[in-house]
Each structure stands twice: as C-alpha cells, then as structure tokens.
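The values are calculated or read from the model by the stated rules, or taken from the named source; none is laboratory data. Computed from a predicted model, the values in this text were never measured in an experiment. Positions of Cβ are generated from backbone atoms using ideal geometry, with glycine treated the same way; all protein chains shown enter the neighbour counts.
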Amino acid sequence: MSEEIPKSNLKLDPFTGLPVDNLKPRLDPFTGGEIVNTRSNSLAVKTPTEMHLVGDRQSYFDYDVNVRPGVDIEEQRGQNQGLSQKVGYGLAKMAGTIGTTALEGTVGLANGAIEAALTQDPDRLWNNTTGKYVDEFSEWMQETMPHYYTKAENEAIGFENFGHANFWSDKFTRGVGYAAGALLG
C-alpha cells in the first residue's frame, strides 16, 4: 500500500494540476525538458533600478519616460518636455540671470572691494560672498527649471541650433539675460 500525502501539504502545478515534488527537477510542460532559469544576471540586461538615471529620478516619471532596458531615456525625456514649459523656464531663468548679473556687477563689485581691502586679498574682488550667492542661485535655477535636450539638439552645430526650441528658450534667453544684466550693472 502506497503512502498517501495529506492533501493540505500538496502543491499543484498551475499548468497540469498535478502534484509537484519539490525534490525533483521541474519539467517544462511544453518541451518535457528541465526548466532552466532564463533570467540573465548580465549587466547588459539592465532593470530600471540599474539604469543610469541622471539628476532627479522623479523627473523621468514626471515626463512619462518609459524607464526600461533598450529605451533611450534621455532622448525620451527631451522629447516629452513641452514647449510651454521650455519657454516658461527660459523666461524665468532669463529674469533671474538679469537680476543676478546686475547684482553681481554693482553690489558684488562694492562687496568685493570691501572684502579685498579687509582681507588684503585682491582675488576677493571677483571671488566674494556676493558672487558665491549669485552662483548658488544660478545653479538652483538650472536644477529647478531644467531644459532636457534630445540627441539632435545636443549634436546640432551652428545654424542647426536655430531650429530647436531649447536653443531659443534656454541658450538664447540666458545670453539675453547676461547681456541685459551687464547693461544694468
């Protein structure tokens, strides 16, 4: 008489409905061969957590980037950033650049002269507290209001740039901001 296994301890194969013996190798119901782990441990097959995400990870999800192997995530993020956001960020950064450039040319120069005299270090004329805060603010603007570039925008040379929104909304507006700020300062 064969020993009967209590039904509560039986595990059933979801495909065949037959009891599964965990000690025996699992067989593929279609080929009859032993089931082999098909997952690759190679770094060539990357999961989203292994992919190189640049900057704020949330920005990939904010721009509906499909974060999976085989997708150019930087390209997709650049394509998914809307024109209105690019223009809005560009105008805001231009205003900030006008203000910081003018501030650095007036208050920064006076502050630098005072710091240079007090410390007897002529380098403080340019590398002073005001300049440090202006640089920190400029960096904050870049991080808070980023422009994401596509491959075509990054590789554009000369007049090719004129056909891309990021040229006008990021590079051009920042240039105008520096020029206007220098005139005011």
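Laid out as a table, the results:
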read-out: Matching entry among VAL71, VAL67 (being in contact with a helix residue (DSSP H, G or I) (Cβ under 8 Å, 6 or more places away or on another chain) and either assigned to a loop (DSSP other than H, G, I, E, B) or free of Cβ contacts under 8 Å to residues at least 24 places away in the same chain (or both)); value: VAL67
read-out: Criterion (on the phi < 0 side of the Ramachandran plot and modelled with pLDDT under 90) met by exactly one of VAL65, VAL87; value: VAL65
read-out: Yes/no for LEU53 being surrounded by 13 or more Cβ atoms within 10 Å (Cβ to Cβ), in a loop (DSSP other than H, G, I, E, B) and modelled with pLDDT under 85; value: yes
read-out: So LYS93, is it in a helix (DSSP H, G or I) and farther than 19 Å from LEU183 by Cα; value: no
read-out: Failed item, numbered, when PRO122 is tested on (1) of a type outside the set (A, V, I, L, M, F, W, C); (2) over 18 Å from TYR89 (Cα atoms); (3) in contact with a Phe, Trp or Tyr (Cβ under 6 Å, 6 or more places away or on another chain); value: (3)
read-out: Subset tally (residues that are without any contact (Cβ under 8 Å) to a residue 24 or more places away in the chain and among the hydrophobic types (A, V, I, L, M, F, W, C)) for region 131-148; value: 1
read-out: Among (1) over 19 Å from ASP62 (Cα atoms); (2) in contact with a helix residue (DSSP H, G or I) (Cβ under 6 Å, 6 or more places away or on another chain); (3) surrounded by fewer than 18 Cβ atoms within 10 Å (Cβ to Cβ), the one test that ASP170 misses; value: (3)
read-out: Number of the exception - ARG77 against (1) within 26 Å of SER59 (Cβ to Cβ); (2) modelled with pLDDT of 95 or more; value: (2)
read-out: First in region 102-124 and closer than 21 Å to VAL176 by Cα and at pLDDT 95 or above, second anywhere and not in a helix (DSSP H, G or I) and not aliphatic (A, V, I, L, M), Cβ under 6 Å, 6 or more apart; value: ALA102/GLY185
read-out: Helices (runs of 4 or more DSSP H) wholly inside region 120-185 containing at least 3 residues that are of a type outside the set (D, E, K, R); value: 129-144, 173-184
